[in-house]
Amino acid sequence: MKKLAKQVNDQSLIIYENIPGIAKTTAVRLAIELRDLRRFETLAQIDAFAGIDQATM
């Protein structure tokens, strides 16, 4: 899985691994699923991409 994440975007993996509380496994999953966070302009866009709806929380 880590090899696959590095193919997606090595820089994103490094960023995710440096977030406090994010373990390597979670960082790899984020890098694979979200790829480069710079493609999102707002947090709401990330929520929409992930299928999280703030209205239901």
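Structure notes:
- Under the Karplus curve 6.51 cos²θ - 1.76 cosθ + 1.60, θ = phi - 60°, whole-Hz ³J(HN,Hα) for region 38-52, x wherever Gly or Pro sits: 5, 7, 9, 8, 9, 5, 4, 5, 5, 4, 5, 4, 7, x, 8
- Using a simple spin-label model with pseudo-atoms 7 Å out from Cα toward Cβ, Asp36 and Lys24 lie 2.6 nm apart.
- Under the simplified labelling scheme, the Ile46-Asp10 pair shows an inter-label distance of 2.4 nm, with each label point 7 Å from Cα along Cα→Cβ.
Readers should treat all values here as calculations from the given coordinates under stated rules, not as data from a laboratory. Please read these numbers as outputs of a predicted model, since none were measured by experiment. Here Cβ is always computed from backbone atoms with ideal geometry, including for glycine, and neighbour counts include all displayed protein chains.
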